[in-house]
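A.B. asks: A single structure is presented below for examination.
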Amino acid sequence: MERRIVHVDMDAFFAAIEQRDDPSLKGKPVIIGADPLGGRGRGVVSTCSYEARKFGVRSAMPISEAWRRCPKGVYLAPDFRKYEEASGLIRSAFYEFTPDLEQVSIDEAFLDITRSAHLFGGPLETCRRIKARVKELTGLTCSVGLAPTKMAAKIASDLKKPDGLVEVRPEGLRAFLAPLDISRLWGLGPKTAEVLRARGINTVGELAAAEADELRGLGVHGPELKNLAMGEDPREVREEEGARSVGNEITFSADTGDAREIKESLVALADKVSSRLREGGFKGRTVTLKVRLEGFETHTRARTLAFATNYADVLAKEALALYAAFDRGRKKVRLLGVKVSGLMPAGERESLFEEAEDGRREKAHKAIEAIREKFGRGAIYRAGGKKDI
């Protein structure tokens, strides 16, 4: 049975949700991300509407550059709770068509419809129904690629955005890939592309026809890339079991070396991560600290705990300890992040004995959550934490 893999990519997801919820934003360049502060902002663009992309604005672009390109754009802070709610609805729609689902990110997924497409009128009709169901549930459009491999499906979904549908038939796979630029290959990075271009290899077809000596210096990746260029991609759609990590970051308005500001930020980040873990019903064992210094020099430090936790004070203690052991020299800090991974259900017991201290922590956390639920998150802050995270 020939494989039929679908890649679904939501169109300008965050921005599209904001335009859906506020009709006055339709047709306007909407940019989701950090506060641009009149061109002096320090963060990056999370995503932007297609209207903003006409000005050259792109995801991951420094927000200051986005402001220079599009000063009259509508700049909005991300509302992840709203985006996660929409993502949940979309995921439920996918399961109506197949149990074989791999969620890549909040706005992107692979579906294997090989075994179920016949129930919905065939592969192409299944894709049309998926698009229609997502639109029905969320009011949003998505672009879909249908192909015999994951890589080809991913490429296809990107060719006719927004609201596109591109099918790649098995017999036409090589012909579909051949004229594409090598940068389209999933897993081929800029440095490898530079090496290949220097050797006169610019298209996927040229890579597929390359001799072994033309791929020298690429190590084991050379044969792998050649196989991908030839349409050979055995990777299967694999279900990820739940969230893999929960984290939050803060980019300072100005690089800082102030010990108090750094401590307050880490405590507040730990508090935010704790809240998100508890809301999702998770706890985790590995705490990771991310530090970006001036000049975009980025470092991570991690520690795995004996037992999983979602308690803010424990996370803050670990984050502060990781930072205390980190030597930043004379460089100031641009960004801090705290992430928890190695997740498991919050109710899962790892020990037969529950410490009294854990009981007190649980009561304290529930009391804080009750206050925030009634009066809003800004009603109460943990000691030592910043109020603006």
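Values in this text are rule-based calculations from the coordinates and carry no lab data. Every value quoted in this text rests on a predicted model; they were computed, and no experiment measured them. Reconstructed Cβ throughout: ideal geometry from the backbone, glycine too, with neighbour counts over all protein chains shown.
A.B. asks: Taking the Cβ of each residue in 267, 291 as the centre, tally the other Cβ atoms inside 10 Å and list the residues starting with the fewest.
C.D. replies: Values: 267 25, 291 20.
In order of increasing Cβ crowding within 10 Å: 291, 267.
A.B. asks: Could you tell me the convex hull volume per residue, in Å³, taken over the Cα atoms of the chain? Intermediate results must be reported in sequence, preceding the final value.
C.D. replies: Numbers: hull volume 72.6 nm³, N = 389.
About 187 Å³ per residue, rounded to a whole number.
A.B. asks: I'd like the FRET efficiency for residue 213 and residue 236, computed as 1/(1 + (r/R0)^6) with the beta carbon distance as r and R0 of 35 Å, rounded to 0.05. Let's see the in-between values first.
C.D. replies: Details: r = 32 Å, r/R0 = 0.92.
Here the calculated transfer efficiency is 0.60.
A.B. asks: Here's another thing I want to ask about it. First select every other residue whose beta carbon is under 11 angstrom from the beta carbon of residue 258; then total the charges, Lys and Arg +1, Asp and Glu -1. Let's see the in-between values first.
C.D. replies: Numbers: positive: 260, 263, 332; negative: 255, 261, 264.
Residues near residue 258 contribute 0 overall.
A.B. asks: Here's another thing I want to ask about it. Show me, for region 299-306, the HN-Hα J-couplings you get by feeding each phi into the Karplus relation (A = 6.51, B = -1.76, C = 1.60, θ = phi - 60°), rounded to Hz, glycine and proline as x.
C.D. replies: Working through the residues one at a time gives 10, 10, 9, 9, 9, 9, 7, 5 Hz.
A.B. asks: Any idea what the dipole of region 145-272 comes to, in debye rounded to 20, about its Cα centre with Lys/Arg Cβ at +1 and Asp/Glu Cβ at -1? Display every interim value, and only then the final one.
C.D. replies: Values: 18 positive and 23 negative charges, 54 e Å.
Using Cβ point charges on Lys, Arg, Asp and Glu, region 145-272 gives about 260 debye.
A.B. asks: I'd like the Karplus ³J(HN,Hα) series for region 150-163: coefficients 6.51, -1.76, 1.60, θ = phi - 60°, whole numbers in Hz, and an x wherever there's a Gly or Pro.
C.D. replies: 5, 4, 5, 5, 5, 4, 4, 5, 9, 8, 10, 7, x, 6
A.B. asks: Any chance you could get the radius of gyration and Dmax over the Cα atoms of region 49-125, in Å?
C.D. replies: Cα radius of gyration and Dmax of region 49-125 are 17.8, 51 Å respectively.
A.B. asks: What do you get for trypsin sites (Lys or Arg not before Pro) in region 174-207 restricted to DSSP loop and a cutoff of at most 16 other Cβ within 10 Å of the site's Cβ?
C.D. replies: Working: sites: 174, 184, 191, 197, 199; in loops: 199.
Within region 174-207, the qualifying trypsin sites (Lys or Arg not before Pro) (loop, at most 16 other Cβ atoms within 10 Å) are 199.
A.B. asks: Report the net charge of residues surrounding residue 32, where surrounding means a beta-carbon distance below 10 angstrom and charges are Lys +1, Arg +1, Asp -1, Glu -1. Could the numbers behind the result be given before it?
C.D. replies: Working: positive: none; negative: 18, 79.
So the surrounding residues net to -2.
A.B. asks: While we're on this one: Which order do 326, 282, 110, 252 fall in if you start with the one that has the fewest other Cβ atoms within 10 Å? Intermediate results must be reported in sequence, preceding the final value.
C.D. replies: On the way: 326 13, 282 21, 110 24, 252 18.
Ordered by Cβ neighbours within 10 Å, fewest first: 326, 252, 282, 110.
A.B. asks: Taking the Cα centre of region 284-353 as the origin and placing charges on Cβ (Lys, Arg +1; Asp, Glu -1), which of 344, 329, 316 is farthest toward the positive end of the dipole?
C.D. replies: 329
A.B. asks: Net charge near residue 205, counting Lys/Arg +1 and Asp/Glu -1 over other residues with Cβ under 13 Å of its Cβ? Mind showing how you got there, number by number?
C.D. replies: Numbers: positive: 174, 184, 226; negative: 181, 206.
With Lys, Arg at +1 and Asp, Glu at -1, the net is +1.
A.B. asks: Note the per residue figure in Å³ for the convex hull of the C-alpha positions in region 178-229. List each step's numbers first, then the result.
C.D. replies: Numbers: hull volume 3.3 nm³, N = 52.
Per residue, the Cα convex hull of region 178-229 comes to 64 Å³.
A.B. asks: Please state, as a whole number in µm²/s, the translational diffusion coefficient that the Stokes-Einstein equation yields for region 171-272 at 10 °C and 1.306 mPa s, with Rh defined as the Kirkwood radius across alpha carbon pairs. Mind showing how you got there, number by number?
C.D. replies: Working: Rh = 17.3 Å.
Result for D is 92 µm²/s.
A.B. asks: For region 185-197, take each phi angle, set θ = phi - 60°, evaluate the Karplus expression 6.51 cos²θ - 1.76 cosθ + 1.60, and give the result in whole Hz per residue in order, putting x for glycine and proline.
C.D. replies: Rounded to whole hertz, the list is 5, 6, x, 9, x, x, 5, 5, 4, 5, 5, 5, 5.
A.B. asks: Given H placed on each backbone N at 1.01 Å, which residues far from residue 202 in sequence or on other chains put an amide H within less than 5 Å of it?
C.D. replies: Answer set, sorted by chain and number: none.
A.B. asks: Counting other beta carbons within 10 Å of each residue's own, what order do 322, 119, 37 fall into, fewest first?
C.D. replies: Ranked by crowding around the Cβ, least crowded first: 119, 37, 322.
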